[in-house]
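The values are calculated or read from the model by the stated rules, or taken from the named source; none is laboratory data. Since the structure is predicted, the reported quantities are computational estimates derived from the model, not experimental observations. A quick note on method: Cβ atoms are made from the backbone with ideal geometry, for glycine too, and the neighbour counts reach across all protein chains shown. Protein only, heavy atoms only, side chains kept; ligands, DNA and RNA dropped before computing areas. Shrake-Rupley method; radii C 1.70, N 1.55, O 1.52, S 1.80 Å.
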Amino acid sequence: MRDEIAGRLLTLPGVEERPSRFGGGAAFHVAAREFAHFHSDEELDLRVGRREERAIRRRFGEDPRFAFRRNPSDWVVVRIAAGEDLALLDELARIAWEANR
């Protein structure tokens, strides 16, 4: 699943894979800004911006696939457990990409 997620992120314009500034492994950058990194094979942290984070929280606040960081509050953890979740990931990755380019 991790390779498929990484491949999808790398299709966004200007996205590069680099080491995470938060430690660990793969991270994805646009305009030299980290906007996504893996916590595990199925768990991705996305920097979406505060306004976008509030909208995602309203839409998915009770969904167990999501966790919301207190600090910094503009990161959302998304757990991708199955192939059908990939469409959701595409939508959220696009939001994160837009917020950081």
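For the pair residue 69/residue 101, report the inter-label distance in nm, with labels modelled 7 Å from Cα in the Cβ direction.
2.2 nm
Provide the per residue accessible area, probe 1.4 Å, for the chain, rounded to a whole number of square angstrom. Provide the component values of the computation, followed by the final result.
Working: 5590 Å² over 101 residues.
Value returned for the chain: 55 Å² of accessible area per residue.
May I ask you to rank 74, 41 by accessible area, largest first, using a 1.4 Å probe over the protein chains only? Show your work: numbers first, answer last.
On the way: 74 20, 41 75 Å².
The ordering from most to least exposed comes out as 41, 74.
For the chain, what are the DSSP H helices with axial Cα length of 24 Å or more and mean Kyte-Doolittle hydropathy of at least 0.0? Numbers along the way, then the final one.
Details: long enough: none.
Qualifying helices, which must be both long enough and hydrophobic enough, do not occur.
For the chain, which whole-number percentage of the solvent-accessible area (1.4 Å probe, protein heavy atoms only) is attributable to carbon and sulfur atoms? It would help to have the intermediate numbers written out before the result.
Details: 2550 of 5590 Å².
Accessible surface attributable to carbon and sulfur in the chain totals 46 percent.
Once the convex hull of the alpha carbons of the stretch 1-65 is built, what does its volume come to per residue, in cubic angstrom?
Working: hull volume 6.8 nm³, N = 65.
Dividing the Cα hull volume of the stretch 1-65 by its residue count gives 104 Å³.
Could you check the spin-label model distance between residue 1 and residue 86? Points 7 Å from the Cα along Cα→Cβ, value in nm.
1.2 nm
Once you list every other residue whose beta carbon is under 11 Å from the beta carbon of residue 29, what net charge do they have if Lys and Arg are +1 and Asp and Glu are -1? Intermediate values should be presented prior to the final figure.
Working: positive: 18, 21, 33, 47, 101; negative: 16, 17, 34.
It works out to a net charge of +2.
On a 1.4 Å probe surface of the protein chains, which of 21, 59, 79 comes out largest in accessible area, and what is the full order?
Working: 21 165, 59 140, 79 90 Å².
Per-residue accessible area, sorted high to low, gives 21, 59, 79.
What does the helix-only formula give at 222 nm for the chain: each DSSP H stretch with n ≥ 4 adding -39500 (n - 2.57), the total divided by the residues, and the result rounded to the nearest 500 deg cm²/dmol?
Working: 3 runs with 35 residues, N = 101.
Rounded to the nearest 500, it is -10500 deg cm²/dmol.
How much net charge surrounds residue 18 when only other residues with a Cβ under 13 Å from its Cβ are counted (Lys, Arg +1; Asp, Glu -1)?
On the way: positive: 21, 33; negative: 16, 17, 34.
Residues close to residue 18 contribute a combined charge of -1.
Between residue 58 and residue 8, what is the label-to-label distance in nm when each label sits 7 Å out along the Cα-to-Cβ direction?
Distance between label points: 2.4 nm.
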